[in-house]
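Engineer: Sharing a structure with you now.
Read-outs: derived from the displayed coordinates by stated rules, not from any lab. Owing to the predicted nature of the structure, the values given are computational and were not obtained by experimental measurement. So basically every Cβ, Gly included, is an ideal-geometry build from the backbone, and we count neighbours across all protein chains shown.
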Amino acid sequence: MTPRSFSLFLRLGLFALMPATALVARHREPDATGRARSAPVFTVYFENDIATGTDEHYTNGLKVSWLSADLVEWGQSGWRQTFIEFLPFVNRRGGQKNIGLAFGQNIYTPRDITLAVPDPVDRPYAGWSYLELAFVSKTPAVSDTVAIQAGLIGPHSMADDTQRLVHQWSGISRPRGWGYQLHDEIGVNLSYERRWRLYARSLLKMVGIDLVPHAGASLGNVQMYANAGGTLRLGLNLPSDFGVQLARPGSVGGSPTDDLDPRVALDRNFSAFVFGACDGRAVARDIFLDGNTFRSSRSVTKEDFVADLSAGAGFIAGRWQLTYTQVWRTREFKSQREKYNNFGSITLSRAY
């Protein structure tokens, strides 16, 4: 399959998601004890470094995801029930299984986008547009996610068109070096992550605190790494999910795990909380730094270990949740001038 035909397939896939989500969302009607199981979640992630006044490195990310309601009690039989039971991980007692669908685009640029010929020791221009399919198996205490991303790196990712158009609309300096971006390459990545929700405590049934550690890995020609970290949350009526995530592999929104979640609870419909998080990665491959897999391209020498430190706040009103996260990412390649790359992440989701 050529990059051009794959690009057409990618676009058609986006339209295919629409009827698919509607079909699975009708799997069951809500009942008095299963409101959390009956709550699909639609999420939009937007990440950009405009909040820090910069326009460099990981400069923009957009991801739109849909996570199905619980499929364990789908009420189907035959091959459909067999398929659900075949999904990864053992069927835990009282657990849920969900399917997630998403599409997204990431944009990477060097430090100075006004140069017609980019600095050869700076990060290369690169774009990544992808579709994602995720399988989630969870209980109120633990969550496993397996996700596969497939898409395009290079001119057919349309990242250069996106940045030029946005800069034209906003009157920002036109990026001039996209002619030196990575070449077209089909990317496929498989990721796995486990999350635990520990020390979930509440005072007077309102003020809560929880700790959500995680560990995982990614394998493919786009990114190969092992990662681990955690999130600490504190606030009023904490949602019973596994914390706020960035727009990365496996992030397809967080659905409630029990009926105490304010998005589905009968006696509360609001939440306000703050959080801090960290994630460390041992990186074996990053195509956006190492360059194309099968062709000669621009590249830099990457750092073997990268860490994200983040802090933010979240709010829930009825079925809606809004969060903002400020991220400080350590140096990603040896010749990077800055010690940190900063960007903001906004997520807006609705359980329905």
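Engineer: Could you tell me what fraction of 2.2 N^0.38 Å the Cα radius of gyration of the chain comes to, as a two-decimal ratio?
Structural biologist: So the Cα radius of gyration is 1.00 times the expected 2.2 N^0.38 Å.
Engineer: Kindly list the residues of the range 258-282 that lie in the label zone of Met206, defined by a backbone N under 19 Å from the point 7 Å along the Cα-to-C-beta vector.
Structural biologist: What the label zone holds, given the 19 Å backbone N cut-off, is 260-274.
Engineer: Please identify the helices of the chain, taking whole runs of DSSP H, that span at least 15 Å along their own axis as judged from the Cα atoms and have a mean Kyte-Doolittle score of 0.0 or higher.
Structural biologist: Length and hydropathy pass: 3-25.
Engineer: How many lysine pairs in the chain, separated by 8 or more positions in sequence or lying on different chains, have Cα atoms less than 30 Å apart?
Structural biologist: Number of lysine pairs found: 10.
Engineer: Can I ask one more? Please give the contour-minus-distance gain from Leu266 to Ala217: 0.36 nm per residue of separation, less the Cα-Cα distance, rounded to one decimal in nm.
Structural biologist: Separation in residues times 0.36 nm, less the Cα-Cα distance, equals 13.9 nm.
Engineer: Please compute the Cα-Cα pair-distance distribution of the range 245-352 with 5 Å bins starting at 0, giving whole percents from short to long.
Structural biologist: Pairs per bin, as whole percents: 2, 10, 16, 17, 15, 12, 9, 8, 6, 4, 1, 0.
Engineer: Over the chain, what is the relative contact order in percent, taking alpha-carbon pairs closer than 8 angstrom and at least six residues apart?
Structural biologist: The value is 17 percent.
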